[in-house]
Amino acid sequence: MKAVRIHANGDPEVLRWEVVTLPPPGAGEVRIRHTAISINFSDINVRRGGFYIAQPLQFPIILGNEAAGVVASVGPGVTDMQPGDRVVYAGMSAAFYEKTGSYAEERNVPADRLLTIPPRVSDRQAAAMMVKGFTASLVINRVFKPKPGDTILIHAAASGVGILLAQWSKHLGATVIGTVGSRDKAEVARAHGCDHTILYRETDFTAAVKAIVPQGVSAVFDGVGRDTFVASLDCVRPFGMLVNYGNASGHVPPVDLLLLAKKGSLSVCRPALSSHIGNVAGMRAAAAELFDLVARGVLKIEIGRTYPLHDAAAAHRDIEARKYAGAMLLIP
Ligand SMILES: NC(=O)c1ccc[n+]([C@@H]2O[C@H](COP(=O)([O-])OP(=O)(O)OC[C@H]3O[C@@H](n4cnc5c(N)ncnc54)[C@H](OP(=O)(O)O)[C@@H]3O)[C@@H](O)[C@H]2O)c1
């Protein structure tokens, strides 16, 4: 089979389309023929290498944590999966830079990490919604659940995770303010739950938020990190919360806890997906809720762009250039 591998960290040019030998599925494993592979920002972090990867990586590496596909064959001991079943997986119960391997035509996956795709969800929707949906679920179910009367500020509200947080927060009754990097993205954000949008690359977003909600927002959901974190503290009402779930712009500098007192007794949380879906029961419960929200039309899965798998480099370049809203997929 063929896969996209890296032999060193670097720019998108390090992604290489290569022939790789895949052994038959081992005990407890299932071979998946991928039909849609999701790109996550973490793939870009693994490709670049850097700030929070604990150990030096062992090259070559096939990138990717998330894909949908069809069961091609099952290994010894697997009794609950049949060839032809439609399945999706998100992560291997490890850090995002470990046990990667989705940028490939086929892959062997432990059966217990597989989720059956419900009939009303397409393979592409399933691939696009798991990591990003689990992250939205992590923020909303584990850290801060919006309710009527709350105003929530969501940074990069047209991004893969932001677009789900906006729809979910709106569904729960909150007023939603979304920052976005372009007018096109503002339109997408407004169509997916945002009551207000702010073009934060050209406007002081703190002043714009205060003009909408002078007392400050109940919570900020921030996947942008370095470029938004400090100014976001001035957007939060007393006793409110800043949830930093990602670092698309870079690492957040260390926070002086006394600053949180001075800004109005604020809370800051930095949640990680591994604590939410690391165990199989937790992952299945979170997935069941997501599939239900999608089936009921509460969450609409926006697929911004698809790329041929062999052209993963073009997809990475577009994501780094912040070109499109929604989720990006690679199609084998
Ligand atoms: N905590 C966890 O366990 C967890 C789980 C999943 C994802 N994450 C993290 O959450 C963040 C968002 O994920 P996502 O799937 O929503 O990513 P995404 O779809 O690629 O969106 C990231 C968005 O961030 C904005 N952005 C601001 N500065 C940027 C820069 N320098 N480069 C690229 N984008 C920039 C862009 O929106 P605008 O153009 O509108 O500014 C971009 O669309 C990522 O850092 C990801 O690693 C964390």
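In the stretch 262-332, counting only strands (runs of 3 or more DSSP E) that sit wholly within it, the ones holding 1 or more residues that are surrounded by 15 or more Cβ atoms within 10 Å (Cβ to Cβ) and out of contact with any Ser or Thr (no Cβ under 9 Å at 6 or more places or on another chain) span 267-269, 303-308. State which residue is surrounded by the fewest Cβ atoms within 10 Å (Cβ to Cβ) when the search covers only the stretch 194-219 and only residues that are over 24 Å from residue 325 (Cβ atoms) and among the small types (Gly, Ala, Ser). Once the filter is applied, the top-ranked residue is 211. Kindly indicate which of 140, 154 is in contact with a strand residue (DSSP E or B) (Cβ under 7 Å, 6 or more places away or on another chain) and within 16 Å of the ligand (Cβ to nearest atom). From the options 140, 154, the qualifying one is 154. Of the set (1) touching a Lys or Arg at 6+ places or on another chain (Cβ under 8 Å); (2) surrounded by 24 or more Cβ atoms within 10 Å (Cβ to Cβ); (3) of a type outside the set (Lys, Arg), all apply to residue 128 but (1). Between 87, 109, the distinction of being free of Cβ contacts under 8 Å to residues at least 60 places away in the same chain, more than 13 Å from residue 277 (Cβ to Cβ) and assigned by TED's automatic domain parsing to the domain that holds residue 14 belongs to 87 only. Could you tell me whether residue 25 is away from the ligand (no atom under 16 Å from the Cβ), modelled with pLDDT of 95 or more and at negative phi? Judged against the criteria, residue 25 is a match.
Tallying residues that are away from the ligand (no atom under 13 Å from the Cβ), assigned to a loop (DSSP other than H, G, I, E, B) and not aliphatic (A, V, I, L, M) within the stretch 196-228 yields 4. On inspection, residue 246 does not qualify as outside any helix (DSSP H, G or I), over 25 Å from residue 43 (Cα atoms) and modelled with pLDDT of 95 or more.
Residues that are away from the ligand (no atom under 16 Å from the Cβ) and surrounded by fewer than 18 Cβ atoms within 10 Å (Cβ to Cβ) are absent from the stretch 240-253 altogether. Checked against (1) over 26 Å from residue 101 (Cα atoms); (2) part of a loop (DSSP other than H, G, I, E, B), residue 231 passes all but condition (2).
With the condition kept exactly as written, say whether any residue in the stretch 186-204 is hydroxyl-bearing (Ser, Thr, Tyr), more than 29 Å from residue 96 (Cα to Cα) and touching a helix residue (DSSP H, G or I) at 6+ places or on another chain (Cβ under 6 Å). Yes.
The rows are residues; the columns are (1) over 19 Å from residue 310 (Cα atoms); (2) touching a Pro at 6+ places or on another chain (Cβ under 6 Å); (3) not hydroxyl-bearing (Ser, Thr, Tyr).
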position: 36; (1), (2), (3): no, no, yes
position: 48; (1), (2), (3): no, no, yes
position: 57; (1), (2), (3): yes, no, yes
position: 66; (1), (2), (3): no, no, yes
position: 71; (1), (2), (3): yes, yes, yes
position: 75; (1), (2), (3): yes, yes, yes
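Applying the selection to the stretch 277-304, what residues are closer than 20 Å to residue 182 by Cα and within 11 Å of the ligand (Cβ to nearest atom)? Answer for the stretch 277-304, where residues must be closer than 20 Å to residue 182 by Cα and within 11 Å of the ligand (Cβ to nearest atom): 302, 304. Consider the stretch 43-89 and keep the residues that are surrounded by 21 or more Cβ atoms within 10 Å (Cβ to Cβ) and within 23 Å of residue 322 (Cβ to Cβ). The one that is modelled with the lowest pLDDT is 46. Residue pairs whose Cβ atoms lie under 7 Å apart, sitting 6 or more positions apart in sequence or on different chains, and linking a residue in the stretch 203-226 that is under 26 Å from residue 271 (Cβ atoms) to a partner that is assigned to a loop (DSSP other than H, G, I, E, B) and aliphatic (A, V, I, L, M), are 223/156; 223/161; 223/248; 224/156; 224/248; 225/248; 225/252; 226/252. Filtering 267, 274 for residues that are farther than 21 Å from residue 170 by Cα and within 13 Å of the ligand (Cβ to nearest atom) leaves a single hit, 274. Counting only residues that are hydrophobic (A, V, I, L, M, F, W, C) and within 13 Å of the ligand (Cβ to nearest atom), the stretch 157-184 holds 8 of them. Of the residues making up the stretch 170-181, those that are of a type in the set (Gly, Ala, Ser) and without any contact (Cβ under 8 Å) to a residue 40 or more places away in the chain are 173, 178.
The values are calculated or read from the model by the stated rules, or taken from the named source; none is laboratory data. Remember, predicted model here, so these are calculated numbers, not experimental data. Because the Cβ atoms are built from the backbone with ideal geometry, glycine has one as well, and the counts that use them run over all protein chains shown.
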